[in-house]
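Notes follow once the structure below has been shown.
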Amino acid sequence: GLRVAYSPSLGGQVRVDREVAAVVRRAVERLAGLGAYVEETDPDLADPVDAFHALWFAGAARVTQHLGREQRERLDPGLREICRAGARLSALDYLAAVDVRMDLGRRMGRFHDTYDLLVTPTLPITAFEAGAEVPRGSGHRRWTGWTPFTYPFNMTQQPAATVPVGTAGGLPVGLQLVAARHRDALVLRAAHALYEAGVTAAGN
């Protein structure tokens, strides 16, 4: 009886690997088979990556502020880079990012007046080589380039879970369940229902 919004690409904003998309769609069909009312639709949001980076970079700069020069040299090079970028941000930059986060939260609040859950792929791709922040040749600079379905809901502070729903090319594929703020129990209940229904093997 849950009202489920299935957004396969956040309104065409995300390019999803064809095999990944097929596995997730089959799992969504299984979710409908469990009695959910599924509608393919998209939340009203634009990619908030710039605001997310401002909040993340500033936060990283703040939590490492106490470190001495030798300690900083032991940080991961990517972390050192974003800390330097975060330290250059102004209070106005930070507050502008907060405004984006608050607006996104309001938009998602209105979305969940209609839908109990938002369902998306967890990632648009399968796993790539270990030790790399981004896939080789992807053109991405930071990990946010290949996680466009997940970090927006870190910003909005919404509960979300990923459920393994099969494989593509022999590698795991996940389905993401997102609910309104403070509806953690609903996310866990839906994830458990998928698990109990054997959807974790749907793409094999």
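None of the figures in this text is laboratory data; all of them are computed from the coordinates on show. From a predicted model like this one, the values you see are computed outputs, not experimental measurements. In this analysis, Cβ positions are derived from the backbone assuming ideal geometry, glycine residues included, and neighbour counts consider all displayed protein chains.
How much length is gained on full extension from R62 to A91, taking 0.36 nm per residue of separation minus their Cα-Cα distance?
Gain in length upon complete extension: 9.2 nm.
How big is the Cα convex hull of segment 3-201 in projection, averaged over all directions, in nm²?
12.3 nm²
What is the calculated FRET efficiency for L34 to R141, with r their C-beta to C-beta distance and R₀ = 41 Å, to the nearest 0.05?
Numbers: r = 40 Å, r/R0 = 0.97.
About 0.55, to the nearest 0.05.
In debye to the nearest 20, how big a dipole does the chain give about its Cα centre with +1 on each Lys and Arg Cβ and -1 on each Asp and Glu Cβ? Write out the running numbers ahead of the final one.
Values: 23 positive and 22 negative charges, 79 e Å.
Charge dipole, the chain, about its Cα centre: 380 debye, nearest 20.
With unit charges on the beta carbon (Lys/Arg positive, Asp/Glu negative), name the residue among V14, Q158, V199 whose Cα is farthest towards the positive pole of the charge dipole of segment 3-201.
Ranked along the dipole, the leading option is Q158.
Using only Cα atoms and rounding to the nearest 10 degrees, what angle (0 to 90) does helix 49-63 make with the longest principal axis of the chain?
50 degrees
Over all distinct Cα pairs, what is the inverse of the mean 1/r for segment 1-115, reported as the Kirkwood hydrodynamic radius in Å?
17.3 Å
If you project the alpha carbons of segment 70-181 onto the principal axes, what extent comes out on each, in Å, largest first?
Dimensions of segment 70-181 along the principal axes of its Cα atoms: 49, 42, 25 Å.
Name the long-range amide H neighbours of A197: under 5 Å, sequence gap of 5 or more, or other chain; modelled H, no Pro or chain starts.
none
I need the calculated FRET efficiency for the pair A197 and M102, taking r as the beta carbon distance and R₀ as 41 Å, to the nearest 0.05. Intermediate results must be reported in sequence, preceding the final value.
Numbers: r = 37 Å, r/R0 = 0.90.
Here the calculated transfer efficiency is 0.65.
Can you order the peptides 65-74, 36-45 by their average number of other Cβ atoms within 10 Å per residue, highest first?
36-45, 65-74
Round to the nearest 10 and give me the degree value, 0 to 90, for the angle of helix 91-114's Cα axis relative to the longest principal axis of the chain.
Value to nearest ten degrees: 10.
Taking the Cα centre as origin and putting +1 on Lys and Arg beta-carbons and -1 on Asp and Glu beta-carbons, what dipole magnitude results for segment 104-184, to the nearest 20 debye?
Once rounded to the nearest 20, the dipole reads 300 debye.
With a point put 7 Å past each Cα toward its Cβ, work out how far D113 is from D47 in nm, to one decimal.
2.9 nm
So, by mean Cβ neighbours within 10 angstrom, what's the order for 158-166, 86-94 with the highest one leading? Before the final figure, lay out the partial values.
Values: 158-166: 20.8, 86-94: 13.8.
My ranking of the peptides, most packed first, is 158-166, 86-94.
Taking the Cα atoms only, what angle lies between the long axis of helix 18-33 and the longest principal axis of the chain, rounded to 10 degrees?
Roughly 50 degrees, rounded to the nearest 10.
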